[in-house]
1. Grab the alpha carbons of segment 98-141, take their convex hull, and tell me the volume per residue in Å³.
2. Looking at the chain, what % of its DSSP beta bridges pair antiparallel, to the nearest 5?
3. Out of every Cα-Cα pair in the chain, what percent are more than 20 Å apart?
4. Which peptide among 171-180, 152-161, 20-29 comes first, and what is the full order, when sorted by highest mean count of other Cβ atoms within 10 Å?
5. Per-residue counts of other Cβ atoms within 10 Å, averaged by peptide: what ranking do you get for 143-151, 83-91, highest first?
6. In Å, what Kirkwood hydrodynamic radius results for segment 60-126 from the alpha-carbon pair distances?
7. Between S186 and R47, take the C-beta separation as r, use R0 = 45 Å, and let me know the FRET efficiency to the nearest 0.05.
8. Relative to the present Cα-Cα distance, how much length would full extension add between R23 and L96 at 0.36 nm per residue of separation?
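Taken together, the values in this text are just the output of simple stated rules run on the coordinates, not laboratory data. Please read all numbers here as calculations on a predicted model, not as lab measurements. Neighbour counts run over all protein chains shown; Cβ positions are idealised from the backbone, glycine included.
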Amino acid sequence: MINMLLIDMDDVIADLQQEWIRRYNKDYNDNLDYRKIDLWNIEKHIRPECGSKIRDYFKEPTFYFNLKPIDGAIEGIYKIMNILDINKIRICTYCLWDAVYGFSEKIMWIEKHIPELRDKVIIAKDKYLLARHDRILIDDAPHNLNEFSQFNGTSIVFDKSYNKELPYLRAYDWEHIFNLIKRINSELEFRLREPKIFNSF
Ligand SMILES: [Mg+2]
């Protein structure tokens, strides 16, 4: 059985990129396609006059609270709640330390969209500290997924343009995530005896 399912927030259940780049395009008269960017090297995609100011959007009040849910995410989490005890589910998220509204708005966002999980939010920069063999992290960030896997956790990559090279289980949408969780939960005992089994996913 799964001991804990950790679900990232930004660009896994909340559509940060789309709103972030929409604001940038409007302010800097650009037409950057958020679906094609490398999020972790974003400066190479944006106008020089913007530069590090691109991260100032994270500090704006209501930025995080008003993010739209990723397609299928809310429904997907409720479906997972039908097969996994709610006490085994955590939202695991972080934002820049000086995005002072972000931390509270993230909790408020969960309360708005998935109120059952409002007390099950973990604010953690170092997600690998929660890793162990029977815990799963669904995330889009390469560093989080790499570290979680290195510390013996199971990483599920939420497919994005900037994480195509990662070798872990890959989910293309929330229906896919649900099917993976269902299968891992029922077969985890077998996987512990034969770690390679999940290569067939
Ligand atoms: Mg993320």
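1. Details: hull volume 4.7 nm³, N = 44.
Each residue corresponds to 106 Å³ of Cα convex hull volume.
2. Values: 1 of 19 bridges.
Here the antiparallel bridges make up roughly 5 percent for the chain.
3. So the pairs more than 20 Å apart make up 57 percent of the total in the chain.
4. Working: 171-180: 17.7, 152-161: 19.9, 20-29: 15.3.
Descending packing order for the listed peptides: 152-161, 171-180, 20-29.
5. Numbers: 143-151: 18.3, 83-91: 15.8.
Top to bottom by mean Cβ count within 10 Å: 143-151, 83-91.
6. When all Cα pairs of segment 60-126 are included, the Kirkwood radius is 12.7 Å.
7. Details: r = 50 Å, r/R0 = 1.10.
With a Förster radius of 45 Å, E is 0.35.
8. Numbers: separation 73, 0.36 × 73 = 26.28 nm, distance 1.80 nm.
Result for the pair: 24.5 nm of gain on full extension.
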